[in-house]
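The structure appears right after this line, and notes come after that.
The values are calculated or read from the model by the stated rules, or taken from the named source; none is laboratory data. Please read all numbers here as calculations on a predicted model, not as lab measurements. A quick note on method: Cβ atoms are made from the backbone with ideal geometry, for glycine too, and the neighbour counts reach across all protein chains shown. SASA here: full protein model, heavy atoms, side chains in, ligands and nucleic acids out. Shrake-Rupley method; radii C 1.70, N 1.55, O 1.52, S 1.80 Å.
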Amino acid sequence: MINDKKFLITGASGQLAKEFASSLTRQGSDFLAPPEDQFDITNADQVRDMVKDYQPDILLNCAAYNFVDKAEDEPEMAFKVNARAVSILALVCKDANVFPAHFSTDYVFDGKKKDLYTEEDKPNPINIYGESKLKGEEALRERLDHFLIFRLSWVFGAGRQNFLYKLLQWAEGKETLKVVSDEVSVPTFTEDVVKMVLLALEKGLRGTYHLTNSGKCSRYEWAKYFFDKKGIATEVQPAFLAEFPVKATRPAATPMANKRIRDALNVSIPTWQDATERFIKKIES
Ligand SMILES: NC(=O)c1ccc[n+]([C@@H]2O[C@H](COP(=O)([O-])OP(=O)(O)OC[C@H]3O[C@@H](n4cnc5c(N)ncnc54)[C@H](OP(=O)(O)O)[C@@H]3O)[C@@H](O)[C@H]2O)c1
């Protein structure tokens, strides 16, 4: 039973880690989510000691360097956290017989495919963040026979590090807001990610899965839907990515198919619209 397992969570103050912590608390599971200053995944001694002292069954690696633009200026930091630290985690997991669930991104793809990306498609990242996350995936695959890697996209949940929270800030006191319409992917709610990951662990799945809400949209469509449902008067207007000066090149369209995980778990996964509405209820309650 998954409830009897001990979970160690990295990146405790991130949005996904917080959702795991709430869910594991609700189901009465034993878990530890040490703050980043006491559990730095780039510090091999700290990782080894933490695992030795707590003796988890499962490691949930929610820690990541997620600053897509900043990564272009400090690639060494991105590779240190997203790739080299994953090697450390993999080796420690192997020695201590801990099963890792790790998280990656749709940005491992170049965004040129006209259809949804599947697990069979070859990654080809076009920015440093995507490259560093791909190296992290490879670090795990090279070192371990058993693991779970979930590729997520446009993650939103508790906290301020997500697009919907940023939209609320940008819209404050504005009558109109321009949002890019030529960037397409799938908004993915942490609540649904956690539910599926715990089910996957329960069922003993192994390997790499695309884990997103269902459907796809542009950032513009998502923003418009969010404002409509939340009753925000600011008018959302479509814009092109080229109008915004950003450092990192964004892949144009990276929506991923979640069929493999749906089939493996025999579940349906709610649409991004349904997830956005549940998110609104959550932040308003
Ligand atoms: N957010 C998205 O839109 C998105 C999209 C696709 C995939 N993903 C992937 O999904 C996973 C979860 O993302 P998220 O949105 O929950 O990320 P998040 O909110 O940015 O959380 C990541 C956490 O990792 C922490 N961290 C950074 N370096 C660390 C280190 N050396 N040791 C320990 N902790 C460290 C960060 O702390 P600081 O805040 O102090 O840096 C942050 O609290 C990540 O693997 C991410 O790459 C996210």
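Here the condition is being of a type in the set (A, V, I, L, M, F, W, C), more than 15 Å from the ligand (Cβ to nearest atom) and out of contact with any helix residue (DSSP H, G or I) (no Cβ under 6 Å at 6 or more places or on another chain); of Leu177, Leu144, Leu116, it holds for Leu116 alone. Quickly run through the stretch 247-285 and pick out the residues that are within 29 Å of Lys230 (Cα to Cα) and aliphatic (A, V, I, L, M). Result: Ala252, Ala253, Met256, Ala257, Val267, Ile269, Ala275, Ile280, Ile283.
Considering the conditions (1) surrounded by fewer than 18 Cβ atoms within 10 Å (Cβ to Cβ); (2) touching an Asp or Glu at 6+ places or on another chain (Cβ under 6 Å); (3) not in a helix (DSSP H, G or I), Pro251 is excluded by exactly one of them, (1).
Anything in the stretch 54-89 that is in contact with a Lys or Arg (Cβ under 8 Å, 6 or more places away or on another chain) and acidic (Asp, Glu)? List them, or say none. Selection gives Asp57, Asp69, Glu72, Asp73. Of the conditions (1) at pLDDT 95 or above; (2) of a type outside the set (D, E, K, R); (3) in contact with a strand residue (DSSP E or B) (Cβ under 9 Å, 6 or more places away or on another chain), Tyr65 satisfies every one except a single condition; which number is it? Evaluating Tyr65 over (1) at pLDDT 95 or above; (2) of a type outside the set (D, E, K, R); (3) in contact with a strand residue (DSSP E or B) (Cβ under 9 Å, 6 or more places away or on another chain) leaves (3) as the failure.
Within the stretch 155-174, residues that are assigned to a loop (DSSP other than H, G, I, E, B) reach partners that are hydrophobic (A, V, I, L, M, F, W, C) and at pLDDT below 95 with beta carbons closer than 9 Å, at six or more positions or on different chains, in the pairs Ala158/Ile283. Restricted to the stretch 220-242, and to residues there that are under 13 Å from Asp182 (Cβ atoms) and at pLDDT 95 or above, the residue that is least open to solvent (accessible area, probe 1.4 Å) is Ala239. I'm trying to understand the selection: among the residues of the stretch 258-269, which are crowded, with 17+ Cβ neighbours inside 10 Å and either within 12 Å of Gly215 (Cα to Cα) or of a type in the set (Asp, Glu) (or both)? Matches in the stretch 258-269: Asn258, Ile269. Among the listed residues Phe39, Phe20, Phe103, which satisfies the condition of being within 16 Å of the ligand (Cβ to nearest atom), buried (at least 16 other Cβ atoms within 10 Å of the Cβ) and within 19 Å of Ala139 (Cα to Cα)? Being within 16 Å of the ligand (Cβ to nearest atom), buried (at least 16 other Cβ atoms within 10 Å of the Cβ) and within 19 Å of Ala139 (Cα to Cα) holds for just one of Phe39, Phe20, Phe103, which is Phe103. Summed over the stretch 58-100, the residues that are open to solvent by less than 60 Å² (accessible area, probe 1.4 Å), within 11 Å of the ligand (Cβ to nearest atom) and of a type in the set (S, T, N, Q) give a count of 2. Among the residues of the stretch 147-174, those that are within 16 Å of the ligand (Cβ to nearest atom) and either under 30 Å from Lys94 (Cα atoms) or of a type in the set (Gly, Ala, Ser) (or both) comprise Phe147, Leu148, Ile149, Phe150, Arg151, Leu152, Ser153, Val155, Gly157, Ala158, Gly159.
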